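The values are calculated or read from the model by the stated rules, or taken from the named source; none is laboratory data. Computed from a prediction, not measured in an experiment: that's the story for all the values here. Neighbour counts are summed over all protein chains in view; Cβ atoms, including those assigned to glycine, are modelled from backbone coordinates with ideal geometry.
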Number of protein chains: 2
Amino acid sequence: MSVKVDLTMVKTRSTQQRVAILQILEGTDEFRSAQEIHKLLEQKKLKVGLATVYRTLQKMAVQEDIDAIRSAHGEIIYRKCGQKEGHHHHLICRQCGITITVDGPTIENWTEKIAKENGFREVSHTLDIFGICKNCYRKA
Amino acid sequence: MSVKVDLTMVKTRSTQQRVAILQILEGTDEFRSAQEIHKLLEQKKLKVGLATVYRTLQKMAVQEDIDAIRSAHGEIIYRKCGQKEGHHHHLICRQCGITITVDGPTIENWTEKIAKENGFREVSHTLDIFGICKNCYRKA
DNA sequence: AGTCTTACTGAGAATAGTTATCAATAGACT
DNA sequence: AGTCTATTGATAACTATTCTCAGTAAGACT
Ligand SMILES: [Zn+2]
Ligand SMILES: [Zn+2]
Ligand SMILES: [Zn+2]
Ligand SMILES: [Zn+2]
């Protein structure tokens, strides 16, 4: 009898630190880095260790409570996504950061197919589309 | 906040180091990081300083001799311009990390379509598929 | 070929973002 | 209250990249 490990199943405790970080994320639509969130918490007189901020955001991203992408500058930035339900993807402007939520069966089916063809199970995927939006292109 | 210098205006000398780095890039269609290129040069018994590799690649990218993108892992990776044949995606086992390279027109077309529908230009994308490979699943 | 200018180089220090370590703490459950 | 263990905080370690600066070598011009 073997135990199946599923990261989304591990018990997550509701700590003061986790709640504080979540509140920051819920207070904006923008992507925020771990460092930024740590500073914002300091301003609110909430002392949360930097390592805790990193760990919590990382875990939230794995459990799909928040979205994580890599900025052009190299930092991982996080956002509580407006669309709370359902798997989906993002179309992001490299210039101004405006983000459009997109989804559709095409990639979902394609990734499933590719994974199955290679004998993989418990499949998931990440996909982000980047470009220059109409507005920014006009200004350039 | 850093001061931006226009590197395209300064004279570029053809040094042994620059030639060696260019040869590495011309020897493959894949994206390579500065660290990887530095190791490859070592294997060819060419001693080129790591800082020089970083500086040279950075300058080549600014002068648009090569393409530079940020990998999901956070590194800047470089490729000799032109053909997009090197573009592909990864199917990664969450357990053992084994990685399979995959590609196909399906997602390429889909992402292009989605971006165009939303008025985006200069489109790029990132996609990774995760799962449990046959081997690891059997062991579990 | 010799000389001059200055872009370029290498080694290491410095920086930025992130992850690992580990003893102490505090949720959750009986 | 007591137990179990996920979580925390301070800091060390790590990875990728940039900076510093004295020494080197393209390339231009005699
Ligand atoms: Zn989203
Ligand atoms: Zn834009
Ligand atoms: Zn595996
Ligand atoms: Zn693609």
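Of all the listed residues (B:Ile77, B:Ile92), the sole one being over 16 Å from the mean Cα position of the chain (by Cα), more than 16 Å from ligand 1 (Cβ to nearest atom), surrounded by 14 or more Cβ atoms within 10 Å (Cβ to Cβ) and at pLDDT below 95 is B:Ile92. When every residue of segment A:47-69 is checked against the conditions, at least one turns out to be within 14 Å of another protein chain (Cβ to nearest Cβ) and either of a type in the set (Val, Ile, Thr) or under 21 Å from B:Arg121 (Cβ atoms) (or both). If you go through segment B:105-136 and keep only what is surrounded by fewer than 15 Cβ atoms within 10 Å (Cβ to Cβ) and more than 7 Å from chain A (Cβ to nearest Cβ), you end up with B:Pro105, B:Asn109, B:Lys113, B:Lys116, B:Glu117, B:Asn135.
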